Amino acid sequence: MHEQTIWTETPSMKDFFVNPIHLVLTFFTYGGWCAVIWLFRRSVRYELTDERLKVRSGILSKKEDEIELFRIRDTKVHQGPIGRLLGLGEISIRSTDDTGNLVLKHFPTPREKREQIRQFANLAKAKANICTVIPESN
């Protein structure tokens, strides 16, 4: 069966230009700091398919992590004040996978993307006949 790609994203640069520290460093290094940050952010790619969440990163050497969607336990979104203004944030993903936890940083529309991850994780769990058991508390 062929995997279907739902979306592919790279970290955004929107927040870079409103952060005063970045502006000062960029000004004093004649754009070098901006180029370095841009290069590092462009070297990361997030991809959601109907079976997995993939994270590819690296400039010279490449690293690829993936989480099977049915192994995702929990997702969270964090947006600071600048992130809220610009529509950026972080998506934290907890999983039972050996990859462990992932944080997708500088992510555009994080609430929408988190909701999509959650929906496809629930579909993957249903497809794999996996249910969550919640222990009773006294």
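Numbers for the structure displayed
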| quantity | calculated |
| --- | --- |
| Subset of region 14-29 [surrounded by 14 or more Cβ atoms within 10 Å (Cβ to Cβ) and either out of contact with any strand residue (DSSP E or B) (no Cβ under 9 Å at 6 or more places or on another chain) or free of Cβ contacts under 8 Å to residues at least 40 places away in the same chain (or both)] | Phe16, His22, Leu23, Leu25, Thr26 |
| Residue that is least open to solvent (accessible area, probe 1.4 Å), among those in region 89-133 that are closer than 26 Å to Arg41 by Cα, of a type in the set (Ser, Thr, Tyr) and touching a residue at least 24 places away in the same chain (Cβ under 8 Å) | Ser95 |
| Answer residue from region 1-25, given it is acidic (Asp, Glu) and in contact with a helix residue (DSSP H, G or I) (Cβ under 8 Å, 6 or more places away or on another chain) and is modelled with the highest pLDDT among those | Glu9 |
| Number of the condition not met by Thr75 [criteria: (1) among the hydroxyl-bearing types (Ser, Thr, Tyr); (2) without any contact (Cβ under 8 Å) to a residue 40 or more places away in the chain; (3) open to solvent by less than 50 Å² (accessible area, probe 1.4 Å)] | (2) |
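The values are calculated or read from the model by the stated rules, or taken from the named source; none is laboratory data. Nothing here was measured: the structure is a model prediction, and the numbers come from that model. Backbone-built Cβ (ideal geometry, glycine too); neighbour counts: all protein chains shown. Areas reflect the complete protein model, heavy atoms only, side chains present, ligands, DNA and RNA absent. Shrake-Rupley method; radii C 1.70, N 1.55, O 1.52, S 1.80 Å.
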